[in-house]
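Some notes on the structure that comes next.
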Amino acid sequence: MKRILFLMLLLSSIYTFGQSSLKSKINSKTESIDQKVIAWRRDIHQNPELGNREFKTAEKIAAHLKSLGIEVQEKVAYTGVVGVLKGGKPGPVVLLRADMDALPVTERGELAFKSNVVTEYNNQKTGVMHACGHDTHVAILMGVAEVLSSMKNDLAGTVKFCFQPAEEGAPAGEEGGAALMIKQGVMENPKVDVAFGLHINSLTEVGKIRFRSGPEMAAADTYTLKIKGKQTHGASPWSGIDPIVTGSQIVMAYQTIISRNVDITENPAIVTVGAFNAGIRSNIIPEEATMIGTIRTFSEPQQKLIHRRMEEIATNIAESAGATADLKINIGVPVTYNDPTLTEKMAPTLTALAGKDNVLSAPLATGAEDFSFFGKKVPAFFFFLGGKPIGSTIAAPHHTPDFFIDDSGLGLGVKALCHLTVDYFEKK
């Protein structure tokens, strides 16, 4: 019995030493390429590309992965790049994802690597900017690929590096993003077991990590509502059916869905009217009014309830006015959901890496993330990485011209994805 206990302790100490040694290698290698990762980020930031048009970004990524001896597949979902690194030992397949696309935003800051790219978007001239930090995600995952490929023989599994286009949405008339990558087989050959991803956050200090178990970011749907009335002279409204008044009543009634139909003790929800268009002249009541907007929810039952109530409200208010309502809801991005079992298993990895005081609970976020599509296929874990300068009291939110990321914290992102990968291989 004593001999068995001794062997168990010996094996445990060998495993612990092996893990510690591998983690030390990861940390040392990450620190040695820190400036390279920052340089990649700044180059990508200075040369941003919109969704499904990330041609040069994809070329840069593919060339880097090939230089590391990683098997590379290009032009997945238009511009996506997938790299496969097979470890020296058999084991599970971990997918690591970074999104590549920028936004139609004109950068206002005065960085040395500021974007001066200009393009036409929706028939309007605009600047192009990495105003959501996808440049940092690409640089981090390129760094992870370099670190893990340098210790390939020590890995007990396979890593699939997924560089994804069009997270912010594909151009009109095109498919794109995570959904298209999945449709084109990114989760197969080899079959993915689990997915990890991160998002830089301009409102969280460098060195800190945030996440939550279960629902983390909202499902995002869009809708179009057309109200058809009867056109008439503005001086004789009784001769027609006013779609503007009818639409206004619907706008106000939609706000009662959240206040009176949704159980807000369970999860928050949002119904927003983003635009209301009708008419062309002051003395004409038009025939039609159109509104568009977004819906944010954190569960499928909640989503279905809101969709049903929107249809009922629009139909019945329009009918009461003698008008008709045509509501079309586009089901968009699902809830970003951190698998509770996986989150519980991997949380200690981030705590050990960043320190207990630097790993924080994230509140529910009403923003959306198409990483969620990966989480519909396999258990997934998604966390936020701090990008705000330490001690700063002012930070611009994402998707704004003044958005800023302190790239001194990118190394923690590289280490985090590496540590999660090797720990999952061993814990699996």
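Checked against the criterion of being part of a loop (DSSP other than H, G, I, E, B) and either open to solvent by 30 Å² or more (accessible area, probe 1.4 Å) or at pLDDT 95 or above (or both), the candidates A368, A352, A347 yield just one match: A368. Considered as a group, the residues in the stretch 325-344 that are open to solvent by less than 70 Å² (accessible area, probe 1.4 Å) and of a type in the set (A, V, I, L, M) include one that is farthest from S24 (Cα to Cα), and that residue is A325. Is it true that I264 is farther than 17 Å from K226 by Cα, open to solvent by 60 Å² or more (accessible area, probe 1.4 Å) and not hydroxyl-bearing (S, T, Y)? For I264, the condition - farther than 17 Å from K226 by Cα, open to solvent by 60 Å² or more (accessible area, probe 1.4 Å) and not hydroxyl-bearing (S, T, Y) - is met. Residue by residue through the stretch 90-130, note down the ones that are open to solvent by 80 Å² or more (accessible area, probe 1.4 Å), touching a strand residue (DSSP E or B) at 6+ places or on another chain (Cβ under 8 Å) and in a strand (DSSP E or B). Once the filter is applied, which keeps residues that are open to solvent by 80 Å² or more (accessible area, probe 1.4 Å), touching a strand residue (DSSP E or B) at 6+ places or on another chain (Cβ under 8 Å) and in a strand (DSSP E or B), the stretch 90-130 yields V118, E120, K125. If you filter the stretch 308-324 down to residues that are in contact (Cβ under 8 Å) with a residue 40 or more places away in the chain and open to solvent by 30 Å² or more (accessible area, probe 1.4 Å), you find that the one that is nearest to M252 (Cα to Cα) is I317.
Restricting E205, E300 to residues that are within 20 Å of the chain's Cα centre (by Cα) and open to solvent by 60 Å² or more (accessible area, probe 1.4 Å) narrows the list to E300.
For the stretch 258-296: of the residues being part of a loop (DSSP other than H, G, I, E, B) and of a type in the set (S, T, Y), which is modelled with the lowest pLDDT? My answer is T265. Among residues of the stretch 254-266 that are more than 14 Å from I317 (Cα to Cα), those with a Cβ under 9 angstrom from a residue that is open to solvent by 100 Å² or more (accessible area, probe 1.4 Å), sequence gap 6+ or separate chain, pair up as I258/I264. When V82, V72 are screened for being within 16 Å of M187 (Cα to Cα), touching a helix residue (DSSP H, G or I) at 6+ places or on another chain (Cβ under 7 Å) and in a strand (DSSP E or B), only V72 passes.
Looking across the stretch 200-210, the residues that are in contact with a helix residue (DSSP H, G or I) (Cβ under 7 Å, 6 or more places away or on another chain) and part of a strand (DSSP E or B) come down to I200, I209.
The values are calculated or read from the model by the stated rules, or taken from the named source; none is laboratory data. Everything quoted here is computed from the prediction, not taken from an experiment. A quick note on method: Cβ atoms are made from the backbone with ideal geometry, for glycine too, and the neighbour counts reach across all protein chains shown. Quick note on the areas: whole protein, heavy atoms, side chains included, nothing else; ligands and nucleic acids left out. Shrake-Rupley method; radii C 1.70, N 1.55, O 1.52, S 1.80 Å.
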